[in-house]
Each structure stands twice: as C-alpha cells, then as structure tokens.
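The values are calculated or read from the model by the stated rules, or taken from the named source; none is laboratory data. Quick caveat, the model's predicted, so the values are computed rather than measured. Positions of Cβ are backbone-derived with ideal geometry, glycine not excepted, and every protein chain shown enters the neighbour counts. Protein only, heavy atoms only, side chains kept; ligands, DNA and RNA dropped before computing areas. Shrake-Rupley method; radii C 1.70, N 1.55, O 1.52, S 1.80 Å.
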Amino acid sequence: MFTLNDILQGNEGKFCFHGPAVPDPAQVFPAAQHDSRQVGKGDLFVAIKGAHVDGHRFIPAAAGAGAGAALCSEPVDDAPPDFLQIVVPDVVQVIHATARVRTQRQENTIFIGITGSNGKTSTKEATAAVLSRQAPTLKTLASYNNEIGYPLTLLRLEPWHRYAVLEMGAQWVGELAWLCDTIARPDWSIITNVGAAHLEYFGTQERVIIAKSELVQALMPDGIAILNYDDINVRNMSAKTAARVLYYGLGEGAAVRGSDIRGDAVRGLTFTLSYAGQAQRIQLRLPGVHGVMIALAAAAAGCAAQMSFDEIRTALEALSPAKGRSEIKPGPNGSTLIDDTYNANRQSIIAITAATGTAELAPGGKRWAVLGDIFELGQYAREEHLASGEALAGTIDYLVALGDQARFYVEGAVQAGMPEKCAYYFHADVENAQELEAAKRAAADLLKREVHGDDLVLIKGSRGMRMETMLEMLR
C-alpha cells in the first residue's frame, strides 16, 4: 500500500497529471501492477514500454478493471476522461524512487533478501511460510525478482508486516548492489548456492560468485547473513560482511544443521533438524536432498527470528512444492510424473535426477527424464548440457531430449554409458514456437507409447522452453 504523495515525494516535481483537475495526494493505491490483467480495484497501473509490448496500449483496460491511476510516459486519449494518468519522463525510475520512499516509512519491518543460482523461489516460499507463523509476512509474488518485480513487491507493504521476504535475481555484476543502493537494502540475506546459471551474462562462475556476494556485502553490522555452509563459495562470503553469520547445511560446521536423512526422495525425506542444543525430527513433502536444504534455509530464518522449534517444525512439514517445481502428478498410462518444468540449469537437473534415482519403484519400473534446453549459457552451452547428460547415466533409464543444445544431453549420457537405444532426441529451433511445440508433441507421443504404469517420468527445461505445455499433451 502506498499513496500518490509517495510518488510525488520521490520524484521532485518531474511529473504532470492528465485527468482529474486536482488529484488528491492522499490517494491510496493497494498495489502497483505492470500487467493490466492483474489490476485490482484502486491499484496503480504501471505502463512500461518494453522491447515487444508497450504497456500504454493497456491503460484503458486497466482503467476498466478498476485501477486508481496509471503511471505513464505519455497520456493516452482513449482512457476515461476522469481517469488519472500520472505522466513522468521515466516510469521505471519513478517506480524505484516510490518504492524507496515507501520502504523508508516501514521502520518496523525486517527485510530479507534471497539470492542464489538455484532454489531462490522455493526458499522464498519456505522462508515466508515459516516466518508467517510468527507475524504477518510479505513475500515476492511468483519470481518477481528483478528491477521491476523488486520495487513492485515493496509497494505491496502494509504497516502491519513484520517481515518482507524478497527474492532478488541478478544477471550482471553490480545488479544486486544497485538494487540495494537504489531501492532498499535487506536487513538479512539468504544465499542458497552458486552455480552455472546465466553464464551468458556473467561470463564466468567467478563473476557469479562476485554478483551473489553483493547481497551479503550490503548488510549493516547489525544484520544477519544466512549462508549455505555446504557450498564453499557461499561459505566464504562470510569474509565479505560485518554482519552476524548464521550457517545452515548438512556439514558439521553448520549452526542450523540437517542430519540422518531417510525416506522417499521423490515425495519427501525425513531428517533431524538441530540448532543450539535443540533437535526435532522433520517429515518433508519437498523432494530430494535439495528440498532438505530449502527447509534448512527457512529454518535458519526462523531461528534468527527466535521462533520455537515446534513452530518451525510445523511450518516445514506443511510445505509443498511450488508450481512447476517438482510437483507430483499423474503421468501417461498410470505412471508418476514429476513436473519440474519451471526452469533448469545443470545443478538443478542433477539434483532432481539424483532424487528420482533413489526413488523406490515397483519391479520393472523405469525412470525417464524429458529435458529441454538450458538457456542463457552462451559459450558454455555445450559444456553444461554435456555435463548434465553425463550425470544421468546410471540414474536414468531413458532420456528424451528436446530442442537444439539438448542434443548434447544425449551425447553426454551415451559417453557416460547410457545405451544409445535408451536416448531419444527431438530437434527443434527453440526460436520457432510452432516447430518446438511439434517436437514436444512427438516426444509426448513416444511417452504415451512407451511409458508403463510403474514408471517415473521427470519433465524439466528452461523457462523459455515452456515445457509445461507437454503436460496437456500427455493427458
């Protein structure tokens, strides 16, 4: 929630109004939206000119949906005459400034920034679920973690929010530092891991480490850095902050530690959670050891908030996979399907296939991995796909690869010992939507012919592959 006055204060008179003769500076906006389809009554619609879509076209639709006003760089004539249009030179810059002003008014809220190469969204969801057991908690919607999503999230702050759990992504060195300096810096930071995501932009993994560490360096001395002890690159970030460090992980050096892991890696493992002499047995509904790590990060936030172990356990045991992130669903011919279609990189592919490899199947049951391209790898694309494919051998019985770079999954898997007859490749130009969907249909037809009721089928790929469209094809 924010006001028109917040907009005015943050932008030093560089605006004009179109619509009502005398706008009310006290006008309240419940939220800001840059998608007219998500506008609620009284919201501010933010009209952004993108590379492919100009949000100004949707100002009339936003007005019709009940928006309180539109923030735009030029007014449109086909909006209702009494609809307020706030005209500014740079819409994005104004959203940043408004979020900064609004956040500065929120003195009693602890802001928690979460970043990492994998698991940001799931860790955000888990952390918010834990902390909301103690007090009202705001969280980032979906994966709104960039220069647009971050300020839009902050503009949903309410006075009663005790915590704000904020997912923060980066595609270039300096981006996280810039978000902290320009808009709002966190009080606590959670770093999940460092992997090979976005190498097309970062260039090297060393630059990924530098970029992720910016969220730790942004902390004040009275802040808390919650770091994955098991990832040496994250653990070493402790040297880059004067804040208190709280390690989580499976290693003996972790203060918030998981141990004695047992059970079903697909439907959820059990483990012992320990901290400061306390211990609780936890039954998760998140898959794999990576699910345990997500739970440990959230538990560490709960420990930092001085929550009781019983509250933390209750919250962790109620967690379920986020949409498209290892959801268990019915598969073709009565099989079990793991919908992990939201996104992919090498580390996340290895983590979920390791979980499927330890899952107990009925006699004769087989494990299938349906994998689409990993995007944003630049010169490392072949290397990363090869390494992902190599990791499948001995764990996955059948590989179905879709896309362009996906051919290297097959090459890597076969080189590592997977029989050629067990690897299928469906080529598609990933920039050609029609060709890509045709390849998916061909792969779906193969699965419907070959998969049996006792089999386990994983579907995963980068966001741009939209692998979720295969789910309807398999029904």
TODO: Determine the per residue accessible area of segment 307-439 with all protein chains present and a 1.4 angstrom probe, expressed in square angstrom.
DONE: 43
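Between Ala433 and Gln104, what is the FRET efficiency for a Förster distance of 51 Å, r being their Cβ-Cβ separation, to the nearest 0.05?
The calculated FRET efficiency here is 0.70.
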- [ ] Determine the share of the chain's accessible area contributed by carbon and sulfur atoms, expressed in whole percent, with a 1.4 angstrom probe.
- [x] 49
Open item on the list: Quick check: pseudo-label points 7 Å beyond the Cα along Cα→Cβ at Ala362 and Asn236, how many nm apart are they?
Closed with: 5.0
Task: Residue-averaged 222 nm ellipticity for the chain, from DSSP H runs of 4+ at -39500 (n - 2.57), nearest 500 - done: -9500 deg cm²/dmol
TODO: Rounded, prolate or oblate: pick one for the chain, where a ≥ b ≥ c are the square roots of the eigenvalues of its C-alpha gyration tensor, a/c under 1.5 means rounded, and failing that, prolate if a/b is larger than b/c, else oblate.
DONE: oblate
Task: Shape call, segment 404-458: gyration tensor on alpha carbons, a/c limit 1.5 - done: oblate
Task: Rg ratio (alpha-carbon, reference 2.2 N^0.38 Å) - segment 256-380 - done: 1.18
Task: By average C-beta atoms within 10 angstrom, highest first, the peptides 323-333, 292-302, 407-417 - done: 292-302, 407-417, 323-333
- [ ] Evaluate the distance, in nm, between pseudo-label points positioned 7 Å from the Cα of Arg449 and of Met220 along their respective Cα→Cβ axes.
- [x] 6.5
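Could you give the length gained by full extension between Thr270 and Gln38, i.e. 0.36 nm per residue of separation minus their alpha carbon distance, to one decimal place? If you can, show how the numbers build up before the last one.
Working: separation 232, 0.36 × 232 = 83.52 nm, distance 3.83 nm.
Fully extending the segment from Thr270 to Gln38 adds 79.7 nm.
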Task: Extension gain from Phe15 to Glu206, taking 0.36 nm per residue of separation minus the Cα-Cα distance - done: 64.5 nm
Task: Furthest towards positive pole of dipole, Gln205, Ala279, Pro186, structure part segment 166-297, Cβ charges - done: Ala279
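Charges only on Cβ, +1 for Lys and Arg, -1 for Asp and Glu: so what's the dipole of segment 398-443 about the Cα centre, in debye to the nearest 20?
Roughly 240 debye for segment 398-443.
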- [ ] In whole angstrom, note down how far apart the Cα centers of segment 13-56 and segment 74-136 are.
- [x] 14
Open item on the list: Please compute the modelled spin-label separation between Val53 and Gln415, points set 7 Å along Cα→Cβ, answer in nm with one decimal.
Closed with: 4.0
Task: Mean projected area in nm² (Cα convex hull; one quarter of hull surface) for segment 126-278 - done: 10.5
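If you take every residue apart from Lys49 with its C-beta less than 14 Å away from the C-beta of Lys49, what net charge results, scoring Lys and Arg +1 and Asp and Glu -1?
For residues surrounding Lys49, the net value is -2.
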Task: Of Lys323/Lys460; Lys120/Lys212; Lys120/Lys323; Lys366/Lys460, pairs whose Cα-Cα distance is over 20 Å - done: none
Open item on the list: I'd like to compare 218-225, 430-437: which one has the highest average count of other Cβ atoms within 10 Å, and what's the full order after that?
Closed with: 218-225, 430-437
Open item on the list: Which three extents, in angstrom, do the Cα atoms of segment 375-475 have along their principal axes, listed largest first?
Closed with: 35, 32, 18
Open item on the list: Straight-line reach from Lys448: which aspartates and glutamates fall under 15 Å, measuring Cα to Cα and dropping same-chain residues less than 8 apart?
Closed with: Glu472
Task: Cα gyration tensor shape for segment 25-133, rounded if a/c is under 1.5, else prolate or oblate - done: prolate
- [ ] Taking a cut-off of 22 Å between Cα atoms, list the lysines near Lys14, but don't count ones fewer than 8 places away on the same chain.
- [x] Lys49
- [ ] Using 0.36 nm per residue of separation minus the Cα-Cα distance, give me the extension gain between Ile261 and Arg463 in nm, one decimal.
- [x] 69.6 nm
Task: Cβ-based net charge around Phe408, under 12 Å, with every Lys or Arg adding one and every Asp or Glu removing one - done: -3
- [ ] Would you work out the charge dipole size for the chain about its Cα centre, treating the Cβ of every Lys and Arg as +1 and the Cβ of every Asp and Glu as -1, and quote it to the nearest 20 debye?
- [x] 980
